[in-house]
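These notes are about the structure you will find just below.
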């Protein structure tokens, strides 16, 4: 691993594969396990960097696909790179654009060279290859950058998934060759769909490459939750223990708890901000619709145990009023709370692992 | 004036009628002249109270009409009153609903008793009278409450305006009789349309009532800017000098400067937040559309002389990117900047008055 990055394991759970650690990056440490908020277009929707810091956020994710289309990586670099451009001085990660090209773009065409698609902004044809994705990510300047992968849909035949997984490996080799900055860590992504043997093969092959970190991708794309758990339980333990493990796109309590018990360290998910914009709060594992009549005259904070700005200053009745009035401030307050809550959940798990209470205290999430 | 309120004049301009003072309220002082941000539905749109405090905001306005419809004044009172409900511990003012009933509601019917209109929320018929407006404002609990007035449209005949002005006076007497809280100051509103003699008569009649403060209403309702200036120059000097003077709904540099030169102390306007939501910044008296191509690669802050959170942390290019992407954070950052800018303008005028430099330093706004 580059001198700029290291992962230190502080404690291992005696009953599960969970571990508490620290992932060191050029922009500071990430205490693991930890949830990462998503800042798609170089901002976490409705939240300022100052507010984001107060949620306990350490590493923040941003999206290569979106930033390439708007404002373009050249403008981000002109503004001093992603950290300075968006005012976030902590650790950052960019995904490769692979998932978005497959899930969002129109008229895409996949060849061995890469993916061609039509820009939803201006209709022009754009080509993304492993080399181009890494070049864009090198220009954006996040601490962690992700390999360009082919994410097969669910359902897909074994043959299709096998082909995508093998291509993902070949593309990873090209990403490694193209990567130019020692102050950025390139993580590989394990694909393999719901086929556990393909996942295992991919994980073992990637582990050989001695990358600074590894991700499990292509989960939560429509498959049943039991399969997500199986994939993670099968795959995470095969990744090198001395490197951070990142489960992409997962952010529910149960999925995170199970993944942590399998040895996963970091997570990202749009759930806390997306639900916020629908007027939904995440409270102690429940999902509350603030438009519900029972909140109209409920003057308690969202969560009395929560130290976030929203819970310290406002009542459920007030936030319910803002949601009913479609006031944008509602989405800011709910985003602040929801992000704080998911980070707090992973922080509590971290503390439990450090004193080896995880398997008992979080048993109800691990069934 | 109630013991809870007082206005202290600290300095008078030697060449104009401008004055610098302090208006004391139960929730703290308001240094005048000063711009007040508008928090229609118990929040300044897209801005948290913590961010609002950092703009230099002292007194904040909220709307009786809107709050009566949603969430209802009973819920605001249940939440501890307007200050606690919305998390703003500084001075607050509620308007009476008069202006909104006339400008926003459908199927309104005006009688001597009051105004009947159809709720845009649920279609039910609502009656607002001077007594009811004061009762609602007593329940909401702002520091300053406004008399329920009839605001004639522009244009309107002299006869129509005369009738509305006289009714406004009779309604004011009923407001005074209905008002019940000594910790709230009831301000009277001078109407009279563009008829300067009607304005003068109204101002002199209101002055007799020895109210804790006075407003000039019914301006900027469509009449040419020269007429606004004439109305204010004619009317403000007739109001008692020992009481604060509030020009309602005005927030452009030139209009505020001219009004201050006529002896006005406080202003409110939705411009800074409304323009922000259209991607527009107010910079040194100019109006900038951040979608303009020239901002795409402009890495300077909006205003290098501005100390607001947006200017201290982000570039024009970044905010332009957020506006192009329709990211809500753009509206938050622009609202913070625009409010800060208008408050800063009135603060700079205040400092100029205190050292008697106003008439010379702000001469270009006073033509």
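The values are calculated or read from the model by the stated rules, or taken from the named source; none is laboratory data. These figures come from a predicted structure and were not determined experimentally. In this analysis, Cβ positions are derived from the backbone assuming ideal geometry, glycine residues included, and neighbour counts consider all displayed protein chains.
When region A:255-281 is filtered for residues that are farther than 27 Å from residue A:236 by Cα and assigned to a strand (DSSP E or B), the ones remaining, listed by number, are A:280, A:281. For region A:254-261, does any single residue satisfy the condition of being surrounded by fewer than 22 Cβ atoms within 10 Å (Cβ to Cβ), more than 22 Å from residue A:158 (Cβ to Cβ) and either in contact with a helix residue (DSSP H, G or I) (Cβ under 9 Å, 6 or more places away or on another chain) or at pLDDT 95 or above (or both)? Yes, region A:254-261 contains a residue that is surrounded by fewer than 22 Cβ atoms within 10 Å (Cβ to Cβ), more than 22 Å from residue A:158 (Cβ to Cβ) and either in contact with a helix residue (DSSP H, G or I) (Cβ under 9 Å, 6 or more places away or on another chain) or at pLDDT 95 or above (or both).
Quick check, is residue B:325 within 24 Å of residue A:334 (Cβ to Cβ), out of contact with any strand residue (DSSP E or B) (no Cβ under 8 Å at 6 or more places or on another chain) and in contact (Cβ under 8 Å) with a residue 12 or more places away in the chain? Judged against the criteria, residue B:325 is not a match. Residues in region B:312-323 that are surrounded by 21 or more Cβ atoms within 10 Å (Cβ to Cβ) and more than 7 Å from chain A (Cβ to nearest Cβ) were compared, and the one that is nearest to residue B:279 (Cα to Cα) is B:323. Return only the number of the condition from (1) closer than 23 Å to residue B:158 by Cβ; (2) not in a strand (DSSP E or B) that residue B:215 does not satisfy. That leaves (2) as the condition not met.
Scanning for something within 14 Å of chain A (Cβ to nearest Cβ), modelled with pLDDT of 95 or more, under 30 Å from residue B:146 (Cβ atoms) and not in a helix (DSSP H, G or I), does region B:288-311 turn up at least one residue? Looking through region B:288-311, at least one residue is within 14 Å of chain A (Cβ to nearest Cβ), modelled with pLDDT of 95 or more, under 30 Å from residue B:146 (Cβ atoms) and not in a helix (DSSP H, G or I). Return yes or no: is residue B:281 crowded, with 24+ Cβ neighbours inside 10 Å, under 16 Å from residue B:337 (Cα atoms) and either touching a strand residue (DSSP E or B) at 6+ places or on another chain (Cβ under 7 Å) or modelled with pLDDT of 95 or more (or both)? Here the answer is yes, as residue B:281 does meet what is asked.
When the strands (runs of 3 or more DSSP E) confined to region A:35-119 are screened for residues that are within 14 Å of another protein chain (Cβ to nearest Cβ) and more than 15 Å from the chain's Cα centre (by Cα), none reaches at least 2 such residues.
Is one or more of the residues making up region A:101-123 surrounded by fewer than 23 Cβ atoms within 10 Å (Cβ to Cβ), at pLDDT below 95 and within 16 Å of residue A:268 (Cβ to Cβ)? Yes, region A:101-123 has at least one match. The numbered conditions (1) within 14 Å of chain A (Cβ to nearest Cβ); (2) modelled with pLDDT of 90 or more; (3) surrounded by fewer than 20 Cβ atoms within 10 Å (Cβ to Cβ) are all true for residue B:159 except (1). Please work out if residue B:30 is touching a strand residue (DSSP E or B) at 6+ places or on another chain (Cβ under 8 Å), away from every other protein chain (no Cβ under 14 Å) and in contact (Cβ under 8 Å) with a residue 60 or more places away in the chain. Yes: the conditions hold for residue B:30. Scanning region A:120-148 for residues that are assigned to a strand (DSSP E or B) and under 21 Å from residue B:325 (Cβ atoms) turns up A:126, A:128.
Among residues of region A:324-344 being in contact with a helix residue (DSSP H, G or I) (Cβ under 6 Å, 6 or more places away or on another chain) and more than 11 Å from chain B (Cβ to nearest Cβ), the one that is farthest from residue A:261 (Cα to Cα) is A:334.
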